[in-house]
Amino acid sequence: MPTILIIEDDTDLRRMLAKLLQREDFRVLEAGTGLEALQILDYYIPDMVITDIIMPDQDGIGTINELKKVYPEVKIIAISGGGRMLSKDYLEIAKILGAHYTFSKPFDTRLFLEKVHELMNLQESGNNHPQ
Amino acid sequence: MKTLRILYLEDTDYDVDLVREYLEEDGIVFDLIHVKTKEDFINALKEEELDIILADFSLPSFDGLEALDITQQLISDIPFIIISGVMGEELAIEALKSGATDYVLKQRLSRLVPSISRALLEANERATRLKAESERQKYDFIVNASKSMFTLVDRNYTYEAVNDAFCKAHNLVRDQIIGKSLKEVWGEDSFDKYIKKNFDDSFRNNVVRYQAWFEVPSRGLRCFEVTFYPYKETGDDVTHTVVDTMDITDKQKAEEAMRESEAKYRLLFDHAAEAILLEKDGLITTCNTRAVEYFGYTKQQLLSKGLLDLLVKIQPDGSDASKHASELEAVTSKGGLLGTNWEFKKKNKRTFIADVSAASFQLKGETFYQFFIHDITEKAKAEESLKRLAEAMEQSVELVAVTDIKGHFVYVNKACADKLEYSKKEIIGKHITQILPPAVSKETLYQMNAVLADHKVWSGDLDILSKRKQQLLVSARVSPIRSKEGDITSYVYVLRDITEESKIKAYLRQAQKMETIGTLAGGIAHDFNNIIATITGHTDIALQDIKPDNPVYEDLEQIAKATERAKGLVNQILTFSRQVETKPEEVRIDMLITEATKLLAASVPKNIRIKQGMAAECGGVMADPSQLHQVIMNICTNAIYAMKDSGGILHIRSKSLVPTQRLKSRFPELEDKQYISLTFKDTGTGMDDATAERIFEPFFTTKPVGEGTGLGLSVVHGIVKSLGGEIFAESTPGKGSTFTILLPCLEEEKQKSLSNADHTDHRG
């Protein structure tokens, strides 16, 4: 069963995302902070990481950067809630660093799931993720 | 021997011959005039020079007593001897009583010559005595006529004689003095102390003279010159002293006055602030001490020079010193200022600037010139520095004004007059309150006056009014000016116009506020997005889990719809805080406006018209067209809303401009480049300053609750700012509002490509 790690500091939103993905038969791992995520990654390598860009201890940008270095095959979706800085800039950076898709909160759940499946299918079919 | 001239009245010639014989016998040389009648007698008395008269006592027509009477009437004091034949005792006595000198009987003519001799002697003695008496009287008169007091004192210190002047001066009659001793008259004390020694000195044959002030009863305190002359009555010994006491008070006073006046003029001369030179034939003959000080030469050295030697050859005005000197005659004839700002040189080669007055006068046929040289170097320097100071103040950009103690302007500098829009002439004399708006509180003035009265400096901000009633905000510093005595004589106002500055400050404050609100709103939006995303997600999950006929299906759909609205609102906030994703492209403003107005036209009430005036040169801007569309729609909607009751016209105009200095001072972020200016001018309700100040703040709205979110203009503001532009509103309540948007123009090349693309489009 494909595994997805959700890194999101907003608990409610994280729980919703978890429920949404579990309903699609994914195994979901949750991390409230970037640091927590890195601890999990020491033991378990997910198929996909969905990360919020702005988080308290280590921001999403750093997390993506780290992931791409250590596990370049892991699929990444970045979500940004906008706010303190222009979210679009962060999403831009995330894309450059290697995030496969980016979403701006609030986002369409249907579209979101579509993209998750799309990436997972690519993996299942054995193809490399798009550059 | 002198010839004796005899007149003989006798009718008998025989008797005459007889008398002749007797006389000749005695060897008397004589001239005898013999008359017989009264007529001849009188003629002889009148015409002849006679020594003696002889007369017969009884004549036929005449007699001796009558002859005596006639003689006494015509000639005084001439011996008259009666010669008679018979003469009784009684007649003889009567004749002698009547004044006859003697009588001789004819019978005893031998007595005649001795009688004549005695009569002549007596007459001679009498004449001598008379002459002496007359002389004495003259001297008496002279002595008594004199105003000097004379006394004659003998060696016993006793007054022997005094003149009238002395008596008068002491209010005494002569008898009260004559025979009295000095001691008796002046008292023992005075005599011993002051009087005696002078007399003693004089008695030793010395002339003593002294001057002294003393009081005399008739005239009071006077000054006298007293002289003691030793007097020798007989022989070589001094027997008396004559004291001459002369009142010299007036003379003394006149002399004193003269001396004083001389001393005064000498003092003036020596201590005058000016150097004074007296010149004759081009050489200084006299100079005062100031001249010595001025020039540094000794008096002696100065006396060998002339005025020309003391002048610097080339004078400050470029002229030759000798030229000035040649004007001397002309100037002094009128008497007055010879020249100003002449440069003199001192012995030590230093120079000084002076004014010179000159006068000339004649003395013993020679012409003297007098020069008054007044050093004005210090004055000139002080004037120069004062002039500089005044000039500096005049040129100062600070506003400087001086008022008298009551607050009337006595001076304003140019900057101040210009700022207040008055001419200097207009403002001088005006009261300070005439440039203060009525709204300046009495409390402010009271407080200012209290501080100033305390001799302290007041500073603070003041609203002032220009002549054209333009209100200005100035930062003021008011200081009292005190006289030497410490009294306040005037006040100096130094003002700085901070109207613009305070506007900029207000703008910056506003900008900062918007920035803060933006950051805050952005933060809230972030959290909101998480919440909305959560709600959306759960709602979607729930909707998937149930069938449309489920009773909660519709409720969930309503939640989904509301969440959409919330999403839109948050997006607006993010737009205001410039945190949304935009897709900038080259936009033609005019086309965008045309599009927007077309859209609006459908919903605009009939009583509102929209007019559009687009300047041809206005090109494009780089912007997200949908955002710009939102901006235009929002402002137009507001304008229409403001005119919804009254109706009116909305003018939309555009032009291109480069920001003026004034605009830039208000909006410091504007640059020196081309901007497109869009103005939206409505004729609606307008708004007051308080409202205008806050319209761009988020959640600020004047619309009734439920009609507006208060986000519209804040979003517009956010969009314009994100495009590097500015937006501001000007409004008059009741007249309408004008919104101006400045957006940076596309650079020229891009501009061209835009218009090319445009052309292509048209052709396509």
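The values are calculated or read from the model by the stated rules, or taken from the named source; none is laboratory data. Bear in mind that the values here come from a model prediction, so they are computed numbers and not experimental data. As a convention, Cβ positions derive from the backbone with ideal geometry for all residues, glycine included, and neighbour counts pool all protein chains shown. The protein model used for the area step is the full one, side chains on, heavy atoms only, and it has no ligands, DNA or RNA in it. Shrake-Rupley method; radii C 1.70, N 1.55, O 1.52, S 1.80 Å.
A few remarks follow.
This table checks each residue for (1) charged (D, E, K, R); (2) closer than 24 Å to B:MET393 by Cα; (3) in contact with a Ser or Thr (Cβ under 6 Å, 6 or more places away or on another chain).
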{"residue": "B:SER459", "(1), (2), (3)": "no, yes, no"}
{"residue": "B:LEU462", "(1), (2), (3)": "no, yes, no"}
{"residue": "B:SER483", "(1), (2), (3)": "no, yes, yes"}
{"residue": "B:VAL492", "(1), (2), (3)": "no, yes, yes"}
{"residue": "B:ARG496", "(1), (2), (3)": "yes, yes, yes"}
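- Selection status of B:ARG468, open to solvent by 30 Å² or more (accessible area, probe 1.4 Å) and more than 15 Å from B:CYS416 (Cβ to Cβ): yes
- Meets criteria (free of Cβ contacts under 8 Å to residues at least 40 places away in the same chain, within 14 Å of another protein chain (Cβ to nearest Cβ), open to solvent by 40 Å² or more (accessible area, probe 1.4 Å) and over 60 Å from the mean Cα position of the chain (by Cα)) for B:ASN571: yes
Here's the yes/no breakdown for (1) under 26 Å from B:LYS131 (Cβ atoms); (2) among the aliphatic types (A, V, I, L, M); (3) in contact with a Gly (Cβ under 8 Å, 6 or more places away or on another chain):
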position	(1), (2), (3)
B:ARG5	yes, no, no
B:THR12	no, no, no
B:GLY27	no, no, no
B:ILE78	yes, yes, no
B:GLY88	no, no, no
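- Test: residue in the range B:137-148 that is in a strand (DSSP E or B) and of a type outside the set (D, E, K, R): no
Here's the yes/no breakdown for (1) free of Cβ contacts under 8 Å to residues at least 12 places away in the same chain; (2) more than 14 Å from chain A (Cβ to nearest Cβ):
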| site | (1), (2) |
| --- | --- |
| B:ILE541 | yes, no |
| B:GLN544 | yes, no |
| B:PRO548 | yes, yes |
| B:VAL552 | yes, yes |
| B:THR563 | no, no |
| B:ILE593 | no, yes |
| B:LEU600 | no, yes |
| B:PRO625 | no, yes |
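- Selection within the range A:1-18: residues that are away from chain B (no Cβ under 14 Å) and either open to solvent by 10 Å² or more (accessible area, probe 1.4 Å) or among the hydroxyl-bearing types (Ser, Thr, Tyr) (or both). The member of this set that is farthest from A:ILE76 (Cα to Cα) is A:MET1.
- Hey, B:LEU268 within 35 Å of the chain's Cα centre (by Cα) and within 18 Å of B:SER357 (Cα to Cα) or not: yes
- Taken as a whole, the range B:209-216 holds no residue that is more than 60 Å from the chain's Cα centre (by Cα) and either modelled with pLDDT of 90 or more or in a strand (DSSP E or B) (or both).
- The range B:487-507 - residue that is open to solvent by less than 90 Å² (accessible area, probe 1.4 Å) and farther than 24 Å from B:LEU445 by Cβ and, of those, modelled with the highest pLDDT: B:GLU500
- For the range A:19-36, a residue qualifies if it is within 11 Å of chain B (Cβ to nearest Cβ) and surrounded by fewer than 18 Cβ atoms within 10 Å (Cβ to Cβ), and the qualifying residues are A:LYS19, A:GLN22, A:ARG23, A:GLU24.
- Pairs, first at pLDDT below 70 in the range B:704-730, second surrounded by 20 or more Cβ atoms within 10 Å (Cβ to Cβ), C-beta under 8 Å, six or more apart: B:THR709/B:GLN572; B:GLY710/B:PRO698
- Taken over the range B:90-102, residues that are without any contact (Cβ under 8 Å) to a residue 24 or more places away in the chain and open to solvent by 40 Å² or more (accessible area, probe 1.4 Å) amount to 5.
- Residue in the range B:579-592 that is part of a helix (DSSP H, G or I), surrounded by 15 or more Cβ atoms within 10 Å (Cβ to Cβ) and not assigned by TED's automatic domain parsing to the domain that holds B:ALA615 present: no
- For the range B:195-218, a residue qualifies if it is acidic (Asp, Glu) and either open to solvent by 70 Å² or more (accessible area, probe 1.4 Å) or touching a residue at least 12 places away in the same chain (Cβ under 8 Å) (or both), and the qualifying residues are B:ASP201, B:GLU215.
Here is a yes/no grid of residues against (1) loosely packed, with under 15 Cβ neighbours inside 10 Å; (2) within 30 Å of A:ILE93 (Cα to Cα); (3) assigned by TED's automatic domain parsing to the domain that holds B:GLU726:
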| residue | (1), (2), (3) |
| --- | --- |
| B:THR536 | no, yes, no |
| B:ILE546 | yes, no, no |
| B:ASN550 | yes, no, no |
| B:THR563 | no, yes, no |
| B:ALA602 | yes, no, yes |
| B:ASN607 | yes, no, yes |
| B:PRO625 | no, yes, yes |
| B:ASN638 | no, no, yes |
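- Positions within the range A:37-51 being open to solvent by 70 Å² or more (accessible area, probe 1.4 Å) and within 13 Å of chain B (Cβ to nearest Cβ), in sequence order: none
- Residues of the range B:219-278 that turn out to be open to solvent by less than 60 Å² (accessible area, probe 1.4 Å), of a type in the set (Ser, Thr, Tyr) and farther than 30 Å from B:ILE376 by Cα, as a count: 5
- Restricting the search to helices (runs of 4 or more DSSP H) fully inside the range B:217-315 and requiring at least 1 residues that are within 28 Å of B:ASN163 (Cβ to Cβ) and acidic (Asp, Glu) gives B:249-271.
So that you can scan it fast, the table gives a plain yes or no per residue for (1) farther than 26 Å from B:LYS2 by Cα; (2) assigned to a strand (DSSP E or B):
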| position | (1), (2) |
| --- | --- |
| B:ASP77 | no, no |
| B:ILE81 | no, yes |
| B:ALA100 | no, no |
| B:GLN107 | yes, no |
| B:LEU112 | no, no |
| B:ALA119 | no, no |
| B:ALA123 | no, no |
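- All positions within the range B:516-530 that are closer than 21 Å to A:ILE79 by Cβ and either within 7 Å of chain A (Cβ to nearest Cβ) or surrounded by fewer than 18 Cβ atoms within 10 Å (Cβ to Cβ) (or both): B:GLY522, B:GLY523, B:ILE524, B:ALA525, B:HIS526, B:ASP527, B:ASN529, B:ASN530
- Restricting attention to the range A:87-131, the residues that are at pLDDT below 75 and surrounded by 20 or more Cβ atoms within 10 Å (Cβ to Cβ) add up to 4.
- Within the range B:366-405, restricting attention to residues that are of a type in the set (Lys, Arg) and under 30 Å from B:VAL292 (Cβ atoms), the residue that is least open to solvent (accessible area, probe 1.4 Å) is B:LYS379.
- The number of residues in the range B:158-192 that are under 22 Å from B:SER146 (Cβ atoms), open to solvent by less than 50 Å² (accessible area, probe 1.4 Å) and under 60 Å from the mean Cα position of the chain (by Cα) comes to 4.
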